[in-house]
1. What single numbered condition from (1) touching a residue at least 24 places away in the same chain (Cβ under 8 Å); (2) surrounded by 19 or more Cβ atoms within 10 Å (Cβ to Cβ); (3) part of a helix (DSSP H, G or I) fails to hold for residue 155?
2. Residue under question is residue 147, and the condition is that it be without any contact (Cβ under 8 Å) to a residue 12 or more places away in the chain and either under 30 Å from residue 73 (Cβ atoms) or assigned by TED's automatic domain parsing to the domain that holds residue 20 (or both); does it hold?
3. Looking at 194, 172, can you tell me which residue is loosely packed, with under 15 Cβ neighbours inside 10 Å and either farther than 24 Å from residue 11 by Cβ or within 19 Å of the chain's Cα centre (by Cα) (or both)?
4. Quick check: anything in the range 58-73 in a loop (DSSP other than H, G, I, E, B) and under 17 Å from residue 43 (Cβ atoms)?
5. Name the residue, out of 90, 108, 134, that is more than 25 Å from residue 41 (Cβ to Cβ) and either surrounded by fewer than 24 Cβ atoms within 10 Å (Cβ to Cβ) or assigned by TED's automatic domain parsing to the domain that holds residue 37 (or both).
6. Six or more apart or on different chains, Cβ under 7 Å: which pairs go from a residue in the range 236-257 that's on the phi > 0 side of the Ramachandran plot to one that's assigned to a helix (DSSP H, G or I) and at pLDDT 90 or above? Could you list them?
7. Sort out which residues of the range 28-54 are within 21 Å of residue 190 (Cβ to Cβ) and touching a helix residue (DSSP H, G or I) at 6+ places or on another chain (Cβ under 7 Å), and write them in order of number.
C-alpha cells in the first residue's frame, strides 16, 4: 500500500477508503493533491480484492475547489493533464465509487462528487457552483453532469446564480442518492459500500459501463453495448453461481470470474 501526503488510503474488508487530507486548506486542490488522488484511485482500481471505493475528506468540508493560492497560468493544461486523470479513474474503474460529502463540495469539488457513481451527503452538507462569482466557467465536466441530470434551464440557473444546493434538495433533484446524519456519514457510506461489495462484481462493472455509455449515447449505442456484455456475463462462473444459489435458496459467493 502506497503512502501519500495529501491523501489517506485505507482498506476496510473489500472497500477502499480514499480520503482527501488538506483540511487546513479546506481540502482545496493543488498539484500534489491532484496527482496523489489519481494514484490512490488507480491503486484501488488495480487491487482485485477491492470491490467498492469510498471517496471522502478530512475536516469540516469535502472540498472548497481549486486552491486559489496556487497560480496556474495555463489552467487548460492543468485541467487536461492533472484533473482529467482523476475523473477518468473514477468513471472508468470497474468498481462503484461512492462519494461521502460532509460540509460543502464547491467548484471542482462539486464536479468530482457528481462524477462518482453514487453520492451520500451529510444532512448539513451542500453543493455549490461558484464559478460565476470569480468570472470562470464550471469545469471538471460539471456542465455535462448538471445539464444531463437537471436539464438546461435548471442547471444554468443553479450555476449562474451560484446557488447553494442543500443535501435534501440534492436528493430531490437526483444529484445525490441519500442524506444521513453528519456524525454517521462515513460509517453509513462504508456500510453501503460493503453491501455493494457482496454483489456480483462483474455485473456491477458491466452495469456501470453500460450506464456510462447511456449517459451520453443513444438507445441504439446502449443496446449494442448491453448485448455483448450480457453474452460475456452469461458464461461467467459468477452467473452460474448466482443461478445455482437462487435455486438452492442461499447467499451466492461471487468470485469475480
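The values are calculated or read from the model by the stated rules, or taken from the named source; none is laboratory data. Since the structure is predicted, the reported quantities are computational estimates derived from the model, not experimental observations. Neighbour counts run over all protein chains shown; Cβ positions are idealised from the backbone, glycine included.
1. Going through (1) touching a residue at least 24 places away in the same chain (Cβ under 8 Å); (2) surrounded by 19 or more Cβ atoms within 10 Å (Cβ to Cβ); (3) part of a helix (DSSP H, G or I) one by one, residue 155 breaks only (1).
2. yes
3. Values: 194 fails: loosely packed, with under 15 Cβ neighbours inside 10 Å.
Every option except 172 fails the conditions.
4. Taking the range 58-73 as the starting set, the residues that turn out to be in a loop (DSSP other than H, G, I, E, B) are 58-62, 64-65, 67-73.
Those left that are additionally under 17 Å from residue 43 (Cβ atoms): none.
No: the range 58-73 contains no residue that is in a loop (DSSP other than H, G, I, E, B) and under 17 Å from residue 43 (Cβ atoms).
5. On the way: 90 fails: more than 25 Å from residue 41 (Cβ to Cβ); 108 fails: more than 25 Å from residue 41 (Cβ to Cβ).
None of the others qualify; the one that does is 134.
6. 256/201; 256/202
7. Answer for the range 28-54, where residues must be within 21 Å of residue 190 (Cβ to Cβ) and touching a helix residue (DSSP H, G or I) at 6+ places or on another chain (Cβ under 7 Å): 37, 41, 42, 45, 50, 51, 52, 53, 54.
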